[in-house]
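Enquirer: One structure coming up, written as structure tokens, with questions to follow.
The values are calculated or read from the model by the stated rules, or taken from the named source; none is laboratory data. The structure presented is a predicted model; accordingly, all values stated were derived computationally and were not measured. Cβ atoms come from the backbone with ideal geometry, glycine included; neighbour counts cover every protein chain shown.
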Amino acid sequence: MQKFIASLLLGMVCSQAIAQVELKVWNIHPEGYPVTEALENFASKVQAQTQGRVRIKLFNNGVLGDQPKAVQMLKTREVDAGEFNLAPMADIVPEVNVLTRPFLFRDSQHMFQHMDGALGKRIEDKLRKAGIVVLGWYDGGARSFYCVKPVRVPKDLMGQRIRVQQSQTAISMVKLLGGDPVVIPFKEVADAFRDGKIDCAENNLPSYESTGHMKLAKYVYLTNHTVAPEVLALSQQAWAKLSPADQTAVMDAGRQSALFMRERWTAKVESARQAATKQGTQFAPAGDASVLYKRLAPLFNDYLKKSDYQTEVFMVLTQ
Ligand code: BDP
């Protein structure tokens with residue numbers, strides 16, 4: 001009897017020791033991409049810093065569905081976390097739209113100066129109120145247009161069928177430039193180029209390389225029209241499952257993974273540029289961007305009129 005009780009107690013102690021929370025993490029990018037590498041870094045740090053109590057299960061390459069669907073899955077608890085672009089994130093938290101205004105941030109350094117400061121904090125609070133815990137701000141890069149035919153000046157974009165993300169801002173942007181916006185999920189863009197359904201798309205250079213778009217649309221017009229962060233986000237429900245100590249560990253691992261990602265990103269932008277040049281990509285500088293600024297001004301001005309982020313935007317534009 002004593003033996004039986006002892007083994008029962010031992011069993012209880014052991015099951016407590018190995019009680020684990022598994023967090024399902026959505027990611028659209030493939031192996032070797034800076035986001036994926038940073039998520040792997042996050043996973044191993046979480047595992048180590050929680051002594052194995054929290055495990056991260058990564059689902060890379062968008063295998064669980066495309067981005068707009070994944071944002072919803074965060075709400076319906078089908079995934080616990082993910083690395084998201086802010087364009088589809090705006091479906092559930094419209095305030096993030098302030099960060100995707102064309103020509104808001106000049107470059108990554110400028111962006112993180114503000115995302116690691118008051119602006120980032122205010123958006124984090126907004127997301128938290130909507131049930132989303134920000135674990136880190138990743139670099140979404142600088143997005144430019146690329147086309148099947150040469151494109152060197154804004155008017156070359158007129159009449160072009162341009163793939164955009166499912167985002168009202170992106171749709172309006174292309175319309176303001178005189179193009180024809182076509183909403184297509186990220187993973188289907190290469191086929192759309194092959195099938196002749198689109199003439200152009202817009203993205204950062206690492207994605208231009210990783211998706212193989214560089215082989216299909218060799219003319220890049222370096223507009224850098226959107227420089228925006230991406231977010232490593234966890235649902236409030238998943239957060240609530242963690243003990244206070246594990247919450248601290250997970251948050252810390254998230255922040256560290258973001259710093260790791262930003263470093264990898266800078267190197268990747270350069271290597272993607274070189275890979276594309278080798279493939280025969282022709283890069284056209286944006287040159288005098290004032291035409292683009294003027295055309296896209298409504299996205300700024302009309303938005304700001306209705307927004308309560310006027311002070312923050314003013315700070316970003318002047319600092
Ligand atoms: C990539 C982003 C990814 C977006 C994708 C897109 O990292 O989150 O889904 O662009 O254009 O650069 O859909």
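Enquirer: For region 154-209, which strands (runs of 3 or more DSSP E) that fit wholly inside it have 1 or more residues that are more than 9 Å from the ligand (Cβ to nearest atom) and under 19 Å from the mean Cα position of the chain (by Cα)? Don't jump to the end; show me each part of the working.
Expert: Numbers: elements: 161-164, 180-183, 200-203.
Result: 180-183.
Enquirer: When only residues in region 144-171 that are touching a residue at least 40 places away in the same chain (Cβ under 8 Å) and touching a Gly at 6+ places or on another chain (Cβ under 6 Å) count, which is surrounded by the fewest Cβ atoms within 10 Å (Cβ to Cβ)? Spell out the reasoning first.
Expert: Our first condition is that a residue be touching a residue at least 40 places away in the same chain (Cβ under 8 Å); within region 144-171, this holds for 144-154, 156-157, 160, 162, 165-170.
Remaining after also requiring touching a Gly at 6+ places or on another chain (Cβ under 6 Å): 157, 160, 162.
Details: 157: 23, 160: 21, 162: 24.
Step by step, filter region 144-171, then rank; the result is 160.
Enquirer: In addition: For residue 273, indicate whether it is under 26 Å from residue 179 (Cβ atoms) and touching a helix residue (DSSP H, G or I) at 6+ places or on another chain (Cβ under 9 Å). Explain how you work it out, then say what you get.
Expert: Values: under 26 Å from residue 179 (Cβ atoms): yes; touching a helix residue (DSSP H, G or I) at 6+ places or on another chain (Cβ under 9 Å): yes.
Considered against the rule, which asks whether it is under 26 Å from residue 179 (Cβ atoms) and touching a helix residue (DSSP H, G or I) at 6+ places or on another chain (Cβ under 9 Å), residue 273 comes out as yes.
Enquirer: For region 283-300, does any single residue satisfy the condition of being within 16 Å of the ligand (Cβ to nearest atom), of a type in the set (Gly, Ala, Ser) and either more than 19 Å from the chain's Cα centre (by Cα) or under 15 Å from residue 134 (Cβ atoms) (or both)?
Expert: Of all residues in region 283-300, those within 16 Å of the ligand (Cβ to nearest atom) come to none.
Among the residues of region 283-300, not one is within 16 Å of the ligand (Cβ to nearest atom), of a type in the set (Gly, Ala, Ser) and either more than 19 Å from the chain's Cα centre (by Cα) or under 15 Å from residue 134 (Cβ atoms) (or both), which makes the answer no.
Enquirer: Any chance you could count how many residues in region 15-64 are under 16 Å from the mean Cα position of the chain (by Cα), surrounded by 21 or more Cβ atoms within 10 Å (Cβ to Cβ) and not in a helix (DSSP H, G or I)?
Expert: 6
To keep it simple, each residue is scored yes or no on (1) farther than 20 Å from residue 93 by Cβ; (2) surrounded by 11 or more Cβ atoms within 10 Å (Cβ to Cβ); (3) free of Cβ contacts under 8 Å to residues at least 40 places away in the same chain; (4) of a type in the set (S, T, N, Q).
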{"position": "265", "(1), (2), (3), (4)": "yes, yes, no, no"}
{"position": "279", "(1), (2), (3), (4)": "yes, yes, no, yes"}
{"position": "293", "(1), (2), (3), (4)": "yes, yes, no, no"}
{"position": "307", "(1), (2), (3), (4)": "no, yes, no, yes"}
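Enquirer: Please tell me if residue 315 is under 30 Å from residue 129 (Cα atoms), of a type outside the set (Ser, Thr, Tyr) and at pLDDT below 95. Spell out the reasoning first.
Expert: On the way: under 30 Å from residue 129 (Cα atoms): yes; of a type outside the set (Ser, Thr, Tyr): yes; at pLDDT below 95: yes.
It is true that residue 315 is under 30 Å from residue 129 (Cα atoms), of a type outside the set (Ser, Thr, Tyr) and at pLDDT below 95.
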